[in-house]
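Chemist: Let me give you the structure first, and then I'll get to my questions.
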Amino acid sequence: MDNSTLIYFLNQYNDNSIYIKRDDLIPFSFGGNKARKAKLFFEEIEKNKNDYVVTYGTSSSNHCRIVANIAASMKIPCIVISPEENKKVTFNSQMIQLFGAKIIYTKISEVSDTIDKTIKSLEKKGYKPYFIQGGGHGNLGTQAYINAYEEIKHYEQKNETFFDYIFFASGTGTTQAGLICGKLLNCGDETIVGISIARKAEYGRKIILNSIEDYFNEKKLEISKNDISESTIFIDQYIENGYGNKGEQIYKTIKNVLINYGVPLDTTYTGKAFYGMQQYIDKNKIINKNILFIHTGGTPLFFNDIGEML
Ligand SMILES: *Cc1c(COP(=O)(O)O)cnc(C)c1O
């Protein structure tokens, strides 16, 4: 698997060996999990010969930046539907602009209406639009992280290093659904822990369970509900005050990881997840384990934050 992203040893933490998988280094548009997912969506777009892309996300969305970039590179026009409540200028929103995507602002309460109307109006004009859900949610997004899971298994075999835990930032839960599907399909025995960056456990976990079931239904695979449920650990103790909100501890974690290991984390996703991972290790008194942290990207967000870290 030549396209596997890099995995390497990062540091010792409470006598655990922490490894990192650098999905932020996927070589397109600053990488990240949205790049891994978008690649599969655009393969389908090419296959279906769609001539318009419509997606959804906020002005800080990594997903929209990558979708707008790939669309521009393929000369396919792109519309980004975005909540007007969250209109601040970020490096991602500036890039979306640079890629020539058309941004339609709408009230959060009217998002799904606006999506429907936009798609219908494009169809009326004779286009064949393709809609990508916010964050690259859906079975193809799940597939992207089944593939990532298989890269991890490949690394383990090759290096005779086996992971006891996998941690990462969980938002829409698609990344997590993919990793769990990968584990169930490959009979993995590591513990997969999603650190929620915004959603409360009950709701966030339900969405992940639905995503996993959707995927297995589509593939006509029978996996026990009990196994799925037991494999789904979604921790909401480190969301601080919700999406994009962060405390002093997150900044401290980001500075520490950047200064000592040269790895940029951001306050919305990977910084929260890295901090949450350390807390989880402390709290559960985990020692002498091999632990993998997946860096899910968001590098432009790192640059948005840097001024506040000085
Ligand atoms: C979107 C995103 C996540 C969350 O991924 P989901 O699949 O939505 O759970 C994590 N990290 C970064 C950097 C992201 O952009």
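Chemist: Only one of Tyr155, Tyr215 is modelled with pLDDT of 95 or more, away from the ligand (no atom under 12 Å from the Cβ) and farther than 20 Å from Leu6 by Cβ. Can you tell me which?
Modeler: Tyr215
Chemist: Would you confirm, using the coordinates I've provided, whether Thr161 is more than 13 Å from the ligand (Cβ to nearest atom), of a type in the set (Val, Ile, Thr) and touching a strand residue (DSSP E or B) at 6+ places or on another chain (Cβ under 9 Å)?
Modeler: When the stated conditions are applied, Thr161 passes them.
Chemist: Report, by residue number, each residue of segment 131-146 that is small (Gly, Ala, Ser) and either assigned to a loop (DSSP other than H, G, I, E, B) or in contact with a Pro (Cβ under 7 Å, 6 or more places away or on another chain) (or both).
Modeler: Gly138
Chemist: Do we find that Asp282 is surrounded by fewer than 24 Cβ atoms within 10 Å (Cβ to Cβ), out of contact with any Lys or Arg (no Cβ under 6 Å at 6 or more places or on another chain), modelled with pLDDT of 95 or more and not in a loop (DSSP other than H, G, I, E, B) in this structure?
Modeler: The answer is yes for Asp282.
Chemist: Which members of segment 1-55 meet the condition of being closer than 26 Å to Met277 by Cβ, basic (Lys, Arg) and more than 14 Å from the ligand (Cβ to nearest atom)?
Modeler: Across segment 1-55, there are no qualifying residues.
Chemist: Also, I was wondering about something else. So which pairs qualify, if the first residue must be in segment 281-310 and in contact (Cβ under 8 Å) with a residue 40 or more places away in the chain and more than 16 Å from the ligand (Cβ to nearest atom), the second must be in a helix (DSSP H, G or I) and hydroxyl-bearing (Ser, Thr, Tyr), the Cβ gap must be under 9 Å, and the two must be at least 6 apart or on different chains?
Modeler: Ile286/Tyr280; Glu308/Tyr251; Met309/Tyr251
Chemist: Find all pairs meeting these conditions: Cβ atoms under 6 angstrom apart; at least six residues apart or on different chains; first residue within segment 147-158 and over 15 Å from Ile20 (Cβ atoms); second residue surrounded by 15 or more Cβ atoms within 10 Å (Cβ to Cβ).
Modeler: Tyr149/Leu179; Tyr149/Gly182
Yes/no per residue for (1) crowded, with 17+ Cβ neighbours inside 10 Å; (2) touching a Cys at 6+ places or on another chain (Cβ under 7 Å); (3) of a type in the set (A, V, I, L, M, F, W, C):
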| position | (1), (2), (3) |
| --- | --- |
| Asn3 | no, no, no |
| Leu10 | yes, no, yes |
| Tyr19 | yes, no, no |
| Lys34 | yes, no, no |
| Phe41 | yes, no, yes |
| Ile45 | yes, no, yes |
| Val54 | yes, no, yes |
| Thr58 | yes, no, no |
| Asn62 | yes, no, no |
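Chemist: Is segment 90-98 home to any residue that is modelled with pLDDT under 95 and over 14 Å from Val54 (Cβ atoms)?
Modeler: no
Chemist: Kindly indicate the residue of segment 223-265 that is of a type in the set (Asp, Glu) and at pLDDT below 95 and also nearest to Ile192 (Cα to Cα) among those meeting that condition.
Modeler: My answer is Glu240.
Chemist: Moving on to the next point. Please specify each residue of segment 14-62 satisfying the condition of being among the hydrophobic types (A, V, I, L, M, F, W, C) and farther than 24 Å from Leu179 by Cβ.
Modeler: Ile45, Val53, Val54
The values are calculated or read from the model by the stated rules, or taken from the named source; none is laboratory data. Keep in mind that this is a model prediction, so the values were computed, not measured. Here the Cβ is made from the backbone with ideal geometry for all residues, glycine too, and neighbour counts use every protein chain on show.
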